[in-house]
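Peer 1: Got a structure for you, written out below as structure tokens; questions coming shortly.
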Amino acid sequence: MSQSRDTFTGNRGLEIYEPLLFEIGSTENCGVDLPDPEPVTSRLGSHARDTLDLPALSEPETMRHYVKLSQKNYAIDMSVYPLGSCTMKHNPRLNEKMARLPGFGDIHPLQPVSTVQGALELIDTLVHWLITMTGMSAVAMSPKAGAHGELCGMMAIKAALDAKGEADRRVVLVPESAHGTNPATAALLGFSVEAIATRDDGTLHADVVRDRMGPDVAAIMLTNPNTCGLFERDVIEIAEALHAGGAYFYCDGANFNAIVGKARPGDLGVDAMHINLHKTFSTPHGGGGPGAGPVVLSEALAPFAPVPFVVKDGDGFKVVEDTNGEAAESFGRMTAFHGQMGMFVRALSYMLSHGSDGMRQASEDAVLNANYVRACLEDLMTVSFPGTCMHEVLFDDRFLKDTGVTTLDFAKAMIDEGYHPMTMYFPLVVHGAMLVEPTESESKASLDLFIATMRDLVMAAERGDTERFEGAPHFAPLRRLDETAAARKPKLRWTRPEPIPEAAE
Ligand SMILES: *Cc1c(COP(=O)(O)O)cnc(C)c1O
């Protein structure tokens, strides 16, 4: 354990290291007073256990343990969170209040439909606004996150190809800058993934798609704005080339935050696009969730949408559950129930409280903030692609050349300064990528401090102050972790360490 040894407790100021419950609890203690059990004659024989070996703490110790753990989660509510591609979105408190209303928060998916009419109406209203904002024909609400939405959209495309008797279209085109979930989704569905090259300015040329079209191409998976933070200017021509060649256009909509109220995917020729409600329409999503990934669909794909979905039924609403009747062409069911109700409430609350002008402004502010960061840093850091960017700005490690400092060192030194690092080493199209995406609601003052910090770090690297980077973070309770080992050989079970023999005097 690389816990700091500079202090007696291992903590640094109020930056407190929190061991596992098993490490602090003891089997002798108990947080509750239980009456002594009546004597019993065990009938378990040799299977009887002396102890369950469960750790226990006093009530205040238990409370402190969980409160400390809750404070370990770095969040947009604590500081600037410039994690590119992830859109760490401001989540107004109003959303939390709405999501906790008992009529939304305390309902169960198996309740009779007549008792959850308000919740169904909320879903129906959200459907309306998602369709309106994207200019599409339908939306599948059940996918639980962006990657799940990709799967949904590509399953709809597969179903549409099958219905046309074109199941031999097996190739999905994916630009090299794509998020890893794009090729993974296509591969999971049995498509063969073919990388397509982008031009030097980081965007895709329509000719590349036109030249590759053929009877084997099923679809493209293209992110717009793309993962280099650039709007794909040829997008309409790309869509036309795909449609002329009988293929479909899957758009990865994770970056929709940059264009809400400015451009509608339906007008760009998109056939399917997931919307990360947790990136574009608020909801806190640091720490791994929960998310929601509704998929908007074009007229051509709408009939293949998964069940269940909500439809108007007289004065109220009903849920279509079966793949017959109204949903005869549906590709089936992706999840047990309807999707992420809590995220739906937050997204609708965000939309209605901002209004169309407010949402347009949020997109404009996101783009403005990224360009402000770019303009204030481009003399010291290398911007990968020239010109203005959308909601995120991509730097690469050319400015660190000959300093001995890597992208990883730089990111770790940001932790010492109290910032969550930007996205590192993604996208793969540039060397040592640093993808910075400031939240649209950051004030100029907080952006200025972030920029000044980045400038200070670059200058430290340039003057050879490598100590600041080597082995950083210096001030975090845990230093550099072996992330590869953690991913490849996860320790899923705690084992009691060998007792340390007492040192002889
Ligand atoms: C976040 C993201 C995804 C995946 O979304 P999840 O909700 O994390 O599953 C896909 N593509 C891009 C470009 C993303 O940024």
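Matching residues to (1) within 16 Å of the ligand (Cβ to nearest atom); (2) more than 25 Å from the chain's Cα centre (by Cα); (3) within 30 Å of residue 345 (Cβ to Cβ):
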{"position": "202", "(1), (2), (3)": "yes, no, no"}
{"position": "217", "(1), (2), (3)": "no, yes, no"}
{"position": "230", "(1), (2), (3)": "yes, no, no"}
{"position": "243", "(1), (2), (3)": "no, yes, no"}
{"position": "250", "(1), (2), (3)": "yes, no, yes"}
{"position": "265", "(1), (2), (3)": "yes, no, yes"}
{"position": "296", "(1), (2), (3)": "yes, no, yes"}
{"position": "301", "(1), (2), (3)": "no, yes, yes"}
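Peer 1: Looking at the stretch 266-288, can you tell me whether even one residue there is at negative phi, of a type in the set (Gly, Ala, Ser), in contact with a Lys or Arg (Cβ under 9 Å, 6 or more places away or on another chain) and at pLDDT 95 or above?
Peer 2: Checked against the condition, which is being at negative phi, of a type in the set (Gly, Ala, Ser), in contact with a Lys or Arg (Cβ under 9 Å, 6 or more places away or on another chain) and at pLDDT 95 or above, the stretch 266-288 yields no hits at all.
Peer 1: Go through (1) open to solvent by less than 10 Å² (accessible area, probe 1.4 Å); (2) within 18 Å of residue 174 (Cβ to Cβ) one by one and return the number of the condition residue 257 breaks.
Peer 2: Looking at each condition in turn, residue 257 falls short on (2).
Peer 1: Restricting the stretch 86-98 to residues that are open to solvent by less than 10 Å² (accessible area, probe 1.4 Å) and closer than 30 Å to residue 395 by Cα, which is farthest from the ligand (Cβ to nearest atom)?
Peer 2: 91
Peer 1: While we're on this one: Among the candidates 428, 457, which residue alone is assigned to a helix (DSSP H, G or I) and in contact with an Asp or Glu (Cβ under 8 Å, 6 or more places away or on another chain)?
Peer 2: Being assigned to a helix (DSSP H, G or I) and in contact with an Asp or Glu (Cβ under 8 Å, 6 or more places away or on another chain) holds for just one of 428, 457, which is 457.
Peer 1: Can you find, within the stretch 132-176, the residue that is surrounded by the most Cβ atoms within 10 Å (Cβ to Cβ) among those that are hydrophobic (A, V, I, L, M, F, W, C) and assigned to a strand (DSSP E or B)?
Peer 2: Among residues in the stretch 132-176 that are hydrophobic (A, V, I, L, M, F, W, C) and assigned to a strand (DSSP E or B), the one surrounded by the most Cβ atoms within 10 Å (Cβ to Cβ) is 140.
Peer 1: Output the number of residues of the stretch 252-263 satisfying the condition of being among the small types (Gly, Ala, Ser) and within 16 Å of the ligand (Cβ to nearest atom).
Peer 2: 3
Peer 1: Kindly evaluate residue 370 against the criterion of being at pLDDT below 95 and either within 30 Å of residue 469 (Cβ to Cβ) or surrounded by 18 or more Cβ atoms within 10 Å (Cβ to Cβ) (or both).
Peer 2: no
The values are calculated or read from the model by the stated rules, or taken from the named source; none is laboratory data. Just so it is clear, the structure is predicted and the values come from calculations on it, not from any experiment. Backbone-built Cβ (ideal geometry, glycine too); neighbour counts: all protein chains shown. Surface accessibility is based on the protein's heavy atoms, side chains included, excluding ligands, DNA and RNA. Shrake-Rupley method; radii C 1.70, N 1.55, O 1.52, S 1.80 Å.
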